[in-house]
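What follows is a set of notes on a single structure, which appears directly below.
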Amino acid sequence: MAKSNEIKHREPLFHVVKRDDMPQWQAWLIRCATILIGFLLVGILSMAITEESFGDTYQIIFSGVFGRLFEGRTTMLWKYLQEIAILLCLALALTPAFKMKFWNCGAEGQALMGGLASIFCMINFGEKLSYPALIITIIVTSIIAGAVWGVIPAVFKALFNTNETLFTLMMNYIATQIIAYYVYIEGGGSNVINPVAYGNFPAVGNNDYFVNIVTVAAITVFMYIYLKYSKQGYEISVVGESQNTARYVGINVKKVIIRTMLISGALCGVTGMLLVAGKDHSINTNLVGGQGFTAILMSWLGQFNPFIMVVMTAIVVFLRIGVAKVADTSHLNSSFSEIIVGIVILMLVGCEFFIHYSIKFRHSKKEVKA
Amino acid sequence: MIIQFICRAILLGVPLLYGSTGEIITEKSGHLNLGIPGIMYVGAISGVAGSFIYENACGNDLANMNPVLAVIIPFLCAIAGSVIMGLIYSFLTVSLHANQNVTGLAITTLGIGLGNFLGASLINITESELPSIALTKTSSFFSTQLPFADKLGWFGELFLSHDFLTYLAIVIAIIVSFVLKRTRVGLNLRSVGENPATADAAGINVIRYRYVATCVGSAIAGLGGLQYVMAYANGVWSNNAFGDRGWMAIALVIFALWNPSSAIIGSFLFGALCNANNYIQGLGTETQELFKMLPYVVTIVVLIITSMRKKREHQPPQSLGLPYFREER
């Protein structure tokens, strides 16, 4: 007893212990609680800055996202779904690479190159090819463009173990400059390319974004099956867990790295194509608008599971559009929504701690008495 | 012409030097802080907010302003703002063992959002028609030259005509390399980055070293943002003007092979590359756009070369990017 008293003052107040696997439902309870706290915080912060009441703030957020849904007009809803689709598609594209522990920060550049390929085909082959042939050309070229942009860092990673985070980042800016060059040439010095009428994806039932949304839905299912049930998906997770294990069981690590980045880049290229051919019908350097980075966070928060990613992107895009509307109605800068999204994501990143670790407090005499 | 080009390159390079010196300190402790672009942004806007408040408190009159206070207030604000961001980052990554890349990117999103939001709010307050805030008075204090710089011809222009933040950047970089290489603190810091478990066993407080390294690194990086606004942009803040300098600062770390002294030369070289398109005769606007990719291409080439040579002293800290959990050794 005397001995324990002697060392007591050196014992810290609490210490952190790694948890054994927490049941899934408990983990999700923590995440949902974090999201709920996040939403409360969004309301409180908006209240403090805009001086609207809590209820009003949320009313504005909902009207910003869903618009006149209750009056029977669904234009805003489709726009919301379209925004989700683009962010989700980028996140899905990054997922196989991340699962392999390959930090592809170059989604933006790969999507820009895909978009460039699309607009190039639309402008140059628009009049010469029939519609189906043109669409096929657009699809094929943009996939190739994205894949090439993605595979360059992968080749160097496989051969020389070059740092891929910075390599892919730099490729973004090179792509941006190429787009700036192309826009200048094609726009005749005006830095604007007028919307091209050829090679646009068809509108289904008055809705321009239908093709985009269905495509991304299909990619979501494909990615789930690919990662979970295919042999290649299994190889990706083995390489991600331990390259030595992968080599030991006879997986060609270099081949897996290059193949996975081909897929990742190709899907980013598809995103660029969806943006150009399915939405803007034009291109500028801000086509992707920094969503490549948000997509990294989405992929991570989605635990590499495509269906969870759908939920996460839906929440983030909801906040992004809704809070931008709040900022707009109170004449604030729309960057307010970036701050909110940043805070909520940081909270979600932080809450993983409570899932993987638990805090054990010191059992001192005082506690016993109390 | 050549002198002017070099001076311009130095002016452009200094924010990168601050950013990469800060990032080197952080990386030496084993943390890859991708939040540097956001932290530099916050440093810049905090400095702007500080000097904005001070200028208004003096009634926007140059005569009322105390030169020392006009420099000190933005300086401390920039440091405070960036240290707060650094604390958020280190709390999440060191204490909560969160993934460093993800946290860093989220910090960047948050920082750029904060910068643009505060910037736009300040622009709103001034009710100016231009989308920018001009703090030319504060800037004039920041870019005061040495009194005898004009009299020494090209020598004076090349070495003595810069603002004091430029000299400070070089001094900080040299001090940091000295501390890292020659002192006990530096040795401890490097061992924390190479192998935290061993460092811990040797009695080094890993958590404290990582917190301090990240916060000091963030403070230095934040000064880069301040130098950009006050010296390069003559005190004019406009949203998104800072651009991708933060990412280039991170790239410069690899270019300099984790040595702040080499980062001095590297940052001036990057500055020159960023600026080359304005000084090469007979370039059309479209070719200029292509020339602007030069610094990125050079970074990639350096990345590839350093990874091919695989020299031991040129490698990143061994446990860079890995969280340290004592009970998991």
Whether any residue in segment A:160-169 is within 30 Å of B:I305 (Cα to Cα), buried (at least 19 other Cβ atoms within 10 Å of the Cβ) and among the aliphatic types (A, V, I, L, M) is what I want to check. yes
Conditions (1) touching a residue at least 12 places away in the same chain (Cβ under 8 Å); (2) surrounded by fewer than 22 Cβ atoms within 10 Å (Cβ to Cβ); (3) assigned to a helix (DSSP H, G or I) -> B:G225 fails only (2)
Of the residues in segment B:138-177 that are within 23 Å of B:P67 (Cα to Cα) and in contact with a Ser or Thr (Cβ under 7 Å, 6 or more places away or on another chain), the one that is modelled with the highest pLDDT is B:I172
Residues of segment A:283-292 being away from chain B (no Cβ under 11 Å) and surrounded by fewer than 19 Cβ atoms within 10 Å (Cβ to Cβ), in sequence order, are A:N284, A:G289
Taking first residues from segment B:30-59 that are without any contact (Cβ under 8 Å) to a residue 12 or more places away in the chain and second residues anywhere that are of a type in the set (S, T, Y) and surrounded by fewer than 24 Cβ atoms within 10 Å (Cβ to Cβ), the pairs with Cβ under 8 Å that are 6 or more apart or on different chains are none
In segment A:18-58, residues that are over 28 Å from B:F117 (Cβ atoms), in contact with a helix residue (DSSP H, G or I) (Cβ under 7 Å, 6 or more places away or on another chain) and either among the hydrophobic types (A, V, I, L, M, F, W, C) or in a loop (DSSP other than H, G, I, E, B) (or both) total 4
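Return the residues of segment A:242-264 that are of a type outside the set (K, R) and more than 22 Å from the chain's Cα centre (by Cα); say none if nothing qualifies. Show your work before the answer.
Here is the first cut: in segment A:242-264, the ones of a type outside the set (K, R) are A:242-246, A:248-253, A:256-258, A:260-264.
Selection gives A:S242, A:Q243, A:N244, A:T245, A:A246, A:Y248, A:V249, A:G250, A:I251, A:N252, A:V253, A:V256.
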So, first residue away from chain B (no Cβ under 12 Å) in segment A:293-319, second residue outside any helix (DSSP H, G or I) and at pLDDT below 90, Cβ within less than 7 Å, six or more apart or across chains; the pairs are A:I308/A:G302; A:M309/A:G302; A:M312/A:G302
| request: Report whether or not A:V323 is surrounded by 23 or more Cβ atoms within 10 Å (Cβ to Cβ), within 12 Å of chain B (Cβ to nearest Cβ) and at pLDDT 90 or above. | output: no
Filtering segment A:333-343 down to residues that are more than 7 Å from chain B (Cβ to nearest Cβ) and surrounded by fewer than 23 Cβ atoms within 10 Å (Cβ to Cβ) yields A:S334
Restricting segment A:102-133 to residues that are surrounded by 24 or more Cβ atoms within 10 Å (Cβ to Cβ) and of a type in the set (A, V, I, L, M), the one farthest from the chain's Cα centre (by Cα) turns out to be A:M122
When every residue in segment B:288-309 that is touching a helix residue (DSSP H, G or I) at 6+ places or on another chain (Cβ under 8 Å) and at pLDDT below 80 is compared, the one nearest to the other protein chains (Cβ to nearest Cβ) is B:E289
The condition of being polar (S, T, N, Q) and touching an Asp or Glu at 6+ places or on another chain (Cβ under 9 Å) holds, among A:T313, A:T294, A:T285, only for A:T313
Scanning segment A:62-98 residue by residue, the ones that are in a helix (DSSP H, G or I), farther than 22 Å from A:Q291 by Cβ and either of a type in the set (G, A, S) or modelled with pLDDT of 95 or more (or both) total 1
The residue that is farthest from the other protein chains (Cβ to nearest Cβ), considering only those in segment B:99-109 that are among the hydrophobic types (A, V, I, L, M, F, W, C) and either within 17 Å of the chain's Cα centre (by Cα) or surrounded by fewer than 23 Cβ atoms within 10 Å (Cβ to Cβ) (or both), is B:I107
If you go through A:I339, A:I343, A:I308, the only one that is modelled with pLDDT of 85 or more, over 27 Å from A:T176 (Cβ atoms) and in contact with a Gly (Cβ under 6 Å, 6 or more places away or on another chain) is A:I308
Restricted to segment A:251-272 and to residues being over 15 Å from A:G240 (Cα atoms) and among the aliphatic types (A, V, I, L, M), the residue surrounded by the fewest Cβ atoms within 10 Å (Cβ to Cβ) is A:L262
Yes/no for B:G271 being of a type outside the set (K, R), away from chain A (no Cβ under 13 Å), farther than 26 Å from A:A175 by Cβ and surrounded by 21 or more Cβ atoms within 10 Å (Cβ to Cβ): no
Flagged in segment A:185-209 as free of Cβ contacts under 8 Å to residues at least 12 places away in the same chain and assigned to a helix (DSSP H, G or I), in numbering order, are A:I185
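Scan B:N116, B:N66, B:N60 and give me the residue that is surrounded by fewer than 24 Cβ atoms within 10 Å (Cβ to Cβ) and within 12 Å of chain A (Cβ to nearest Cβ).
Values: B:N66 fails: within 12 Å of chain A (Cβ to nearest Cβ); B:N60 fails: within 12 Å of chain A (Cβ to nearest Cβ).
Of B:N116, B:N66, B:N60, the one residue that is surrounded by fewer than 24 Cβ atoms within 10 Å (Cβ to Cβ) and within 12 Å of chain A (Cβ to nearest Cβ) is B:N116.
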Across segment B:156-192, the tally of residues that are of a type in the set (S, T, Y), more than 19 Å from B:M230 (Cα to Cα) and touching a residue at least 12 places away in the same chain (Cβ under 8 Å) stands at 2
message = A:A154 - would you say it is touching a helix residue (DSSP H, G or I) at 6+ places or on another chain (Cβ under 6 Å) and either of a type in the set (S, T, Y) or more than 10 Å from every other protein chain (Cβ to nearest Cβ) (or both)?
response = yes
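The values are calculated or read from the model by the stated rules, or taken from the named source; none is laboratory data. Here the structure is a predicted model, which is why all the values come from computation and not from measurement. Cβ atoms come from the backbone with ideal geometry, glycine included; neighbour counts cover every protein chain shown.
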